[in-house]
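J.: This is the structure I want to talk about, given as structure tokens.
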Amino acid sequence: MTSIPNPKRKILNLLFPWLDALAITTWGILMLQYWLTGKLYLLIHPNFFGLVIVCGIALLMIGLLKMQEVWRQRRRAITANVQHLNLFPPGWGSALLLAVAILGLMVTPRVFASDTALQLGVTDLLSSGRVQPQSFRPSIRPEERSLVDWARTLNVYPEPDSYTGQKAKVQGFVIHPPDIGEEYIFLARFVLTCCAADAYPVGLPVKLTENQKRYPPDTWLEVEGEMTTETLAGKRNLTIAANSIKEIPQPRNPYSY
């Protein structure tokens, strides 16, 4: 009695040999697409972009060569009239890798925002010592310092009164810590040392005037003003007394280094 081939098994026999090649190729495409669209800025330090690009190109080439190999073996199998030939063992792991890569092409990584900063305790960062003192640049003009530069400066010399009256012009996103008054907001940025997994926020409180509105959390602002010392949550903190506040779009690269 002649056995009738199972249609589902026939489809799987045709599909499985291509899974490894498709998974490798798609991961190569994913890496290059993240680089070309700027999504890599949301995941890793720019120092590692070159490695990702090289890996993406290598995976793409390997995947295409593997597809070519599968196609040649399929043609030889058809010529030899061999049915249901398993060129490679079933690879559910490759199917999972392919599914993850496709998901990565469809979903944009989420930028860290105020809720994450509050969970990490942004208001304690100026005295935490997490910023690297070797990056401190003493010769930089105060109005040219970024939020990270100010944090590094304070890490070297933490007395806030030493900076009273100095000009400031910084950019960051808004945080509303629960333990500061309504006349203040917190301006912050995340710092990446390697990748998004080790990101941490740094920032400065901003004192608003009566005519300045309290922007919602995660709004990106450019703040200009002068440095002063304010007591917030029982601690003396270097604070920007804002002279002007301008809403800006989120930068293409929202992190600092």
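J.: Which number in (1) out of contact with any helix residue (DSSP H, G or I) (no Cβ under 7 Å at 6 or more places or on another chain); (2) in contact (Cβ under 8 Å) with a residue 40 or more places away in the chain marks the one condition that Thr229 misses?
T.: Every listed condition holds for Thr229 apart from (1).
J.: Exactly one of (1) buried (at least 17 other Cβ atoms within 10 Å of the Cβ); (2) in a loop (DSSP other than H, G, I, E, B); (3) modelled with pLDDT of 90 or more is unmet by Ile245. Its number?
T.: Looking at each condition in turn, Ile245 falls short on (2).
J.: Given the criterion modelled with pLDDT under 90 and part of a strand (DSSP E or B), identify the matching residue among Thr231, Thr239.
T.: Details: Thr239 fails: modelled with pLDDT under 90.
None of the other options fit; the residue is Thr231.
J.: May I pose another question? Hey, any hits in segment 245-255 for a residue that's touching a helix residue (DSSP H, G or I) at 6+ places or on another chain (Cβ under 7 Å) and aliphatic (A, V, I, L, M)?
T.: no
The values are calculated or read from the model by the stated rules, or taken from the named source; none is laboratory data. Note that the structure is a prediction, hence the values are computed from the model and not measured. Virtual Cβ from ideal backbone geometry, glycine too; neighbours counted across all protein chains shown.
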